[in-house]
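The values are calculated or read from the model by the stated rules, or taken from the named source; none is laboratory data. Everything numeric here is computed off the predicted structure, so don't read it as measured data. Here the Cβ positions follow ideal geometry from the backbone for every residue, glycine too, while neighbour counts run over all protein chains shown.
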Ligand SMILES: Nc1ncnc2c1ncn2[C@@H]1O[C@H](COP(=O)(O)OP(=O)(O)O)[C@@H](O)[C@H]1O
Ligand SMILES: [Mg+2]
């Protein structure tokens, strides 16, 4: 077993003639919280799509716990222990919050496509959903339709779907995008709690959040990782300041 | 307008006022009363037909309402179930087996279920348009194959049977329509309960998830294709039961039962009844079934009325008849119907006037065209009219157009009122 | 098969293929712009045939060939404006079901007005002669005329698409479907126009096909599924794919009738003259299956096989 949760080797992806991911190398160590930053359009979401199986890479390797997963369908990758959230909220809009979460825990609890017992009788599902609702602070909304939730609540549910599947490796794509300052603080606390003991790779723009939560940071610019290191190293890296932060002192502004 | 009320109602499943068993007791009670209230072979035969179609529509809604799949060939399994049951009966009767007739739908249903697994495997790769197209293609294939295999499908006149050939069982000899009613009623309860149960299982929930967001399901570890395939097979199996019952009821099965017309019929029934309420399709099957039985005696235009009703539901009340009822019920419970009553009554009245105008136009049209040979004089809604008379056409057009135009301002006032009452949220767009 | 039958079958295949493409092109245009597979498209074709029949009684065939498609086009535009646009907010399923219901209603309305039996829509006298002879058999001038009309329509359509502003928007939406969403609701006129033009194309097809195919209320229901086969097999939204698929279907359906061959013949060559009876009656049925019987099945077989193995279609970009 490798010490790395995810290892990406020379990963490439092009859409037609356009190269979007241009030879990415990245390691997510087991148990670390790793932030992925980079300007808009750098290819962060595309990289997540490649890892999670939404897109097929053009070339390169992706190892999850040492096992190759590139090009596999999303469900297989979930079974191998990786799950993700989406930048654009991707939930089940016409189902209740509880039903959303039930779907997300069914696989890990082994019920899969069962028709043997009604959901109401599946104690383990109910217990797990109750726990998740509590954790996501959505208990009071359990029977609300997902599309009637407020934006931060929908983001919490989006996060919930990702963590509920029980995978030990998580990819979160801008989980706090579009939130107010106070909502961000609450969301960060939530993320720290639910990802306890798991490996986390997260796209985030808010520098304050990143320097608070990340063990390491990778910087993706134009489809390439130009630097990886601790927050201090990244802060001090002149190439990062040049390419990403624009001016040498931009981080003060963040 | 009513959509929002439905959603509110749906979003509070925990707050149902009645215990879950009460509707079922009501269903069973109604099934007991019906043949007593409508005695006579013709009536009971109609009830048998309605029950069969109700099961068929419930099975279709597993696809349309629960999984969000538009099948254009569901009658394939209704018809194949009927053929399988018929051939099973013929074979067993010849072999002299004492197989109880009420269990025959089990054979048709199982056969259709197995074929459904195969068909589902073919059709389920994608949802949406590709699914609709594959189901259309498969059903046309099966239909066209009928001409090639007369030994299975019979020729033009189909395959007939004598349901009494299997002998008596459960104290019935199955000669009378009432005996068949018992079979249909019991199977209706079994199928409805089974499908209701199915909605509460993990697979049933995943079907909803596939309907809402098939891609996300994959990222939770499931294969949307598998979910579609199994729901397709289940729907096929129950349709096969319905088809077997139809075969038993009519003692004949023809290729029409597995053709496009029958597929269309079940789609209309299910959608008009309402796809988001469990018993909606039953309501649709009863309403459309009765229209088919009674209206076809009254007017040559009954198919046209069907089509117009369907378009009306699609455009104005996508929740179907059941959606309207549930919405109204929710409003009453919330005590918000009162203030709307005068407006609703006015709209309803004008709507009826307009409807009368449309009916006159259509009936006059038939008399002027298709049925011109019957003479131009005709009684429509009790009024003597003339298909060649300007007055008749003028009155009809006036009612239809005048009613429709005068409703429009009232509708926008109703909308404002519902806004004020908090029944309507912001624009969903 | 003799050389004469072969050459006439080829001619007829091309002709039928062009007719199908006249319909499929409108369907494809509408689909590319609005993402809706219009179930009522074949119904507009039928309305075109009936109007052509009715009008040519009063004003003659050639004026009817112009007027009938115009009426059908206006009808289509009205349907878009007052029907489709309203159900748009209920999503694609709502739109699909709406056109489905419309097809149903049109079929009934046609029966109401013209009755259930077929109409005596004959070839106009001016074109009722033999165009040319091949191997001693004549080829009717009207069929040549159909071919000319179809080609002329395509030339006009091509000019419209490449030389006008609206045409350019439509053409762009064929190659860059995501652009349509960017156009969004700001171009309802374009939607209406495309729906109208698409319907009018179906109307033209109806008028020229009416005298050759039979003008009857079931003509929409029998042609509609074939059209779907064409646009799906060709690749949804692809005009060139629809063209190829139209010709393929044209050839299959024409040749299936022309080829006189059955399973029995094939086994006859192998020296097996009778169906082995011990295999049961189903095999006896299969024994008698002829190519002509298989003809109607092949398009659907093609559709299912295509969707399973190549869901994007022959030339399709979108799956
Ligand atoms: N399916 C696609 N086809 C073509 N280009 C794409 C596709 N998906 C993403 N892109 C392009 O790839 C680039 C990276 O996008 P994305 O990964 O979303 O960036 P980020 O998440 O870093 O902001 C963008 O320029 C985007 O336009
Ligand atoms: Mg992104």
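Is it fair to say residue B:82 is assigned to a helix (DSSP H, G or I), in contact (Cβ under 8 Å) with a residue 60 or more places away in the chain and in contact with a helix residue (DSSP H, G or I) (Cβ under 8 Å, 6 or more places away or on another chain)?
yes
Would you confirm whether any residue within the stretch C:241-261 is more than 10 Å from chain B (Cβ to nearest Cβ), out of contact with any helix residue (DSSP H, G or I) (no Cβ under 7 Å at 6 or more places or on another chain) and either over 30 Å from residue C:157 (Cβ atoms) or at pLDDT below 75 (or both)?
yes
Restricting attention to the stretch A:138-183, report how many residues are in a helix (DSSP H, G or I), farther than 19 Å from residue A:74 by Cβ and either more than 12 Å from every other protein chain (Cβ to nearest Cβ) or within 16 Å of ligand 1 (Cβ to nearest atom) (or both).
11
Which count do you get for residues in the stretch B:306-320 that are buried (at least 21 other Cβ atoms within 10 Å of the Cβ) and in a helix (DSSP H, G or I)?
Result for the stretch B:306-320: 6.
Would you say residue C:5 is in contact with a helix residue (DSSP H, G or I) (Cβ under 8 Å, 6 or more places away or on another chain), surrounded by 19 or more Cβ atoms within 10 Å (Cβ to Cβ) and on the phi < 0 side of the Ramachandran plot? Please lay out each step first, then the result.
Numbers: in contact with a helix residue (DSSP H, G or I) (Cβ under 8 Å, 6 or more places away or on another chain): yes; surrounded by 19 or more Cβ atoms within 10 Å (Cβ to Cβ): no; on the phi < 0 side of the Ramachandran plot: yes.
So residue C:5 fails the test.
Output the number of the condition that residue A:87 fails; it satisfies all remaining conditions of (1) away from every other protein chain (no Cβ under 14 Å); (2) modelled with pLDDT under 95; (3) within 16 Å of ligand 2 (Cβ to nearest atom).
It fails just one condition, (1).
Could you list, in sequence order, the residues of the stretch A:212-223 that are buried (at least 17 other Cβ atoms within 10 Å of the Cβ) and away from ligand 2 (no atom under 16 Å from the Cβ)?
A:213, A:214, A:216, A:217
Whether any residue in the stretch B:356-372 is over 30 Å from residue B:420 (Cβ atoms), assigned to a helix (DSSP H, G or I) and away from chain C (no Cβ under 14 Å) is what I want to check.
yes
Where in the stretch C:191-285 are there helices (runs of 4 or more DSSP H), lying wholly inside it, with at least 3 residues that are within 21 Å of the chain's Cα centre (by Cα) and farther than 13 Å from residue C:23 by Cα?
Ranges flagged: C:219-234, C:239-258.
Taking residue C:80 as the residue in question, decide whether it is in contact (Cβ under 8 Å) with a residue 12 or more places away in the chain, out of contact with any strand residue (DSSP E or B) (no Cβ under 7 Å at 6 or more places or on another chain), within 14 Å of chain B (Cβ to nearest Cβ) and more than 30 Å from residue B:372 (Cα to Cα).
Here the answer is yes, as residue C:80 does meet what is asked.
Which condition breaks for residue A:69 when tested against (1) in contact with a strand residue (DSSP E or B) (Cβ under 8 Å, 6 or more places away or on another chain); (2) within 14 Å of another protein chain (Cβ to nearest Cβ); (3) within 12 Å of ligand 1 (Cβ to nearest atom)?
Result: residue A:69 passes all but (3).
If you scan the stretch A:162-205, which residues turn out to be surrounded by fewer than 19 Cβ atoms within 10 Å (Cβ to Cβ) and within 16 Å of ligand 2 (Cβ to nearest atom)?
A:177, A:178, A:179, A:205
Got at least one residue in the stretch C:124-132 being within 14 Å of another protein chain (Cβ to nearest Cβ), in a helix (DSSP H, G or I) and over 19 Å from residue C:224 (Cβ atoms)? Break it down into steps so the answer makes sense when it comes.
The initial filter retains those residues of the stretch C:124-132 that are within 14 Å of another protein chain (Cβ to nearest Cβ), namely none.
No, the stretch C:124-132 contains no residue that is within 14 Å of another protein chain (Cβ to nearest Cβ), in a helix (DSSP H, G or I) and over 19 Å from residue C:224 (Cβ atoms).
Among the listed residues B:314, B:326, identify the single one that is assigned by TED's automatic domain parsing to the domain that holds residue B:68 and either in contact (Cβ under 8 Å) with a residue 12 or more places away in the chain or out of contact with any helix residue (DSSP H, G or I) (no Cβ under 9 Å at 6 or more places or on another chain) (or both).
The conditions single out B:314.
I'm checking my understanding of the structure. Among residues of the stretch A:207-247 that are assigned to a loop (DSSP other than H, G, I, E, B) and modelled with pLDDT of 85 or more, which one is nearest to the chain's Cα centre (by Cα)?
Checked the stretch A:207-247; the qualifying residue nearest to the chain's Cα centre (by Cα) is A:214.
Could you check residue A:26 against (1) within 16 Å of ligand 1 (Cβ to nearest atom); (2) within 14 Å of the chain's Cα centre (by Cα); (3) surrounded by 19 or more Cβ atoms within 10 Å (Cβ to Cβ) and say which number it fails?
Going through (1) within 16 Å of ligand 1 (Cβ to nearest atom); (2) within 14 Å of the chain's Cα centre (by Cα); (3) surrounded by 19 or more Cβ atoms within 10 Å (Cβ to Cβ) one by one, residue A:26 breaks only (2).
Only one of B:151, B:160, B:155, B:71 is assigned by TED's automatic domain parsing to the domain that holds residue B:232 and closer than 21 Å to residue C:93 by Cβ. Can you tell me which?
Numbers: B:151 fails: closer than 21 Å to residue C:93 by Cβ; B:160 fails: closer than 21 Å to residue C:93 by Cβ; B:155 fails: closer than 21 Å to residue C:93 by Cβ.
On inspection, the qualifying residue turns out to be B:71.
Mind listing whichever residues of the stretch C:288-311 are assigned to a loop (DSSP other than H, G, I, E, B) and more than 10 Å from chain B (Cβ to nearest Cβ)?
Initial filter on the stretch C:288-311 (assigned to a loop (DSSP other than H, G, I, E, B)): C:288-289, C:295-297, C:310-311.
The one that is assigned to a loop (DSSP other than H, G, I, E, B) and more than 10 Å from chain B (Cβ to nearest Cβ): C:310.
Got a sec? Which of B:63, B:138, B:110, B:115 is assigned to a helix (DSSP H, G or I), on the phi < 0 side of the Ramachandran plot, at pLDDT 95 or above and within 13 Å of chain C (Cβ to nearest Cβ)?
Of B:63, B:138, B:110, B:115, the one residue that is assigned to a helix (DSSP H, G or I), on the phi < 0 side of the Ramachandran plot, at pLDDT 95 or above and within 13 Å of chain C (Cβ to nearest Cβ) is B:63.
Each row is one residue, and each column tells you yes or no for (1) closer than 20 Å to residue B:224 by Cβ; (2) surrounded by fewer than 17 Cβ atoms within 10 Å (Cβ to Cβ).
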| site | (1), (2) |
| --- | --- |
| A:82 | yes, no |
| A:85 | yes, no |
| A:95 | yes, no |
| A:104 | yes, no |
| A:111 | yes, no |
| A:120 | no, yes |
| A:126 | no, yes |
| A:133 | no, no |
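Residue by residue through the stretch B:231-259, note down the ones that are surrounded by fewer than 24 Cβ atoms within 10 Å (Cβ to Cβ) and over 17 Å from residue B:86 (Cα atoms).
Within the stretch B:231-259, B:233, B:259 meet the criteria.
Can you tell me which of A:37, A:20, A:51, A:6 is within 10 Å of ligand 1 (Cβ to nearest atom) and surrounded by 22 or more Cβ atoms within 10 Å (Cβ to Cβ)?
Going through A:37, A:20, A:51, A:6 in turn, the sole match is A:37.
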